[in-house]
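Here the structure is laid out as structure tokens; the discussion comes afterwards.
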């Protein structure tokens, strides 16, 4: 997708969240007032959390706490940096900081705009031994790793007494990437010949390298560091906004054979809004097919989600442009693997570097199971997993979750869906597939049959087998499917008991793993006093949710108390709900952000005929709202009768109406139940739920 900017630059993004992230990275706009988990995960992946200032963003998903940790971590690292640089200076070792705190101090306009996770130092190659001796004698240094056959730096691990661990990346040649071997032999000699001693205002940052050296290094680093992260191009954007000696930068690039890479680096910076003069780009263009190919591929690549570790034509073109002839030959032999399958990983070691899981949901519609799948994927990614959210079918009306890939569209047949899922799993090669619900279980078991490299399968049972299983033959089919799974999780103890008793699953194979509610739900304000009772009905308008009973109960209660209600959801029974024509009931349809509706409400009404562990009931309890609900499935595990809410038999219209009358006439009872519900819901936090699922996944791989 291409977005043309007024200044002629371009930016490519896969969806609106990517566009916002890239705009924030380029400094063209401030972060929005609220950031959803997928966008926050993108910011974490690209190292842009430092750009999302806690005073600008009121994010309920822990951004402020994360930003505070980054600031504290940065202070510890700066303290260590001062100590290291003082010791190097006392030993007569020239050293300079090339990224991280140096850019944060002299380039970025405001404190906290640049977060860094390691310290990058460069020393002359002649001083390498002395530098290693000084750094190795530091009390926080864990040890000096041996030099590998292709190493261009030493990653020295530091463990501060405060508990903060970080790397000191010691470079002795800024341009010693394998791809640049022999191309810039004199670059660092020239750099150190022109370097300036430490300034009294910045002694802890060491020697100052010429600006054109830093510019060329940032360009090559951003393109060849196998990360291709936006934060690296953000560095270029900020450098370009400063006082750049463009003539010197162009001359240095040509003199040391770096012109092509510098051209691509500045082109990317210009795409993000950096004021790079067109004549500078024209002056760094070099002849050669790889450069032309790379320039053609740049506009066709989703640079936000691009993974430089995978064989991709863009990465290949950049690398072929810079390598020696022998390395170009090796990479050319890999080219057939890169072009047909851009997303394949290069080697098995890279493929196995991070444990991978595909969370499979039925569709991309924003419903309870899909929302938790989205949250689970974001949480696993924060913990180092390579996690993807995949939907069997995509499309339809209403709010949607942000998926990484869909298998088929809504009109495809089941056979087409299974074949497409099989191709997807063979391409992605996940370690585990987490099938979220019965429909996904049937699809993944069929798709992986006779697969040579079959992933482990975890079936997450999100409902009640006693309700969904229809007849003897259906039960036999479900048991056969479950036997194909390596592990089974149940969202509630009620679901676990039914799996064991009805589906004959061995108890040791079933783990209770409740879903959870994000922490920001506990921060919603208490309900304000109103003249009428405000009732919220939330969920799919489908037979198993029985929404008609809900609106009829509201109508009965409305004969005795002042009551108004909002129905959030959509589905096949919407017309039936609207046909009841109950005064004071407003049908809203699908709603993406539920927080405002809960803030408006006094009570949640849930009349479901079956439930696994209802997420909307968890959200109501966490927000301090009492719940009137049918006592089915895992609901009694969340709602304690007469303490945090009122449980009613499913389908009992008069019972629901009586509960609403009681709560409507007694505000103190509502407040007492709401406070107790909020305290009880702290057992079901999102982080605790993700912990449980991660234990199941890790146990499956480690067992």
Item to complete: Quick one: divide the alpha-carbon radius of gyration of region 370-508 by 2.2 N^0.38 Å and tell me what you get.
Response: 1.06
Item to complete: Using label points projected 7 Å from each Cα along Cα→Cβ, tell me how many nm separate residue 523 and residue 71, to one decimal.
Response: 1.4 nm
Fill in: Taking the convex hull of Cα positions in region 577-652, its mean projected area over all directions (nm²)
5.6 nm²
Worksheet item: Kirkwood Rh over Cα pairs of region 219-264 into Stokes-Einstein at 20 °C, 1.002 mPa s: D in µm²/s?
Response: 191 µm²/s
Worksheet item: When the Cα centres of region 385-428 and region 251-273 are compared, how far apart do they sit, in Å?
Response: 39 Å
Discussion item. At a 10 angstrom cut-off on C-beta neighbours, averaged per residue, how do the peptides 438-449, 195-206 rank from highest to lowest?
Written reply: 438-449, 195-206
Item to complete: Compute the distance in nm between two label points, each set 7 Å from the Cα along the Cα-to-Cβ direction, one at residue 669 and one at residue 194.
Response: 8.2 nm
Item to complete: Mind ranking 79-90, 615-626 by how tightly packed they are, going by the mean number of other C-beta atoms within 10 angstrom, highest first?
Response: 615-626, 79-90
Practice prompt. Please work out the C-alpha center-to-center distance from region 70-115 to region 651-703 and express it in whole Å.
Written response: 47 Å
Worksheet item: What is the pair-distance distribution P(r) of region 429-496, computed from all Cα-Cα distances in 10 Å bins starting at 0, with each bin given as a whole percent?
Response: 20, 54, 22, 4
Discussion item. Under the √(5λ) rule applied to the eigenvalues of the Cα gyration tensor, what semi-axes describe the equivalent ellipsoid of region 508-661? Give them in Å, descending.
Written reply: 23, 18, 16
Discussion item. Modelling each spin label as a point 7 Å along the Cα-to-Cβ direction, I'd like the residue 297/residue 559 distance in nm, to one decimal.
Written reply: 7.3 nm
Practice prompt. Just need the relative contact order of region 519-684 here, percent rounded to a whole number, with Cα pairs under 8 Å and 6+ apart.
Written response: 26 percent
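Rule-based calculations on the coordinates, nothing more; no lab input. In this text, all values refer to a predicted model and were calculated from it rather than measured experimentally. So basically every Cβ, Gly included, is an ideal-geometry build from the backbone, and we count neighbours across all protein chains shown.
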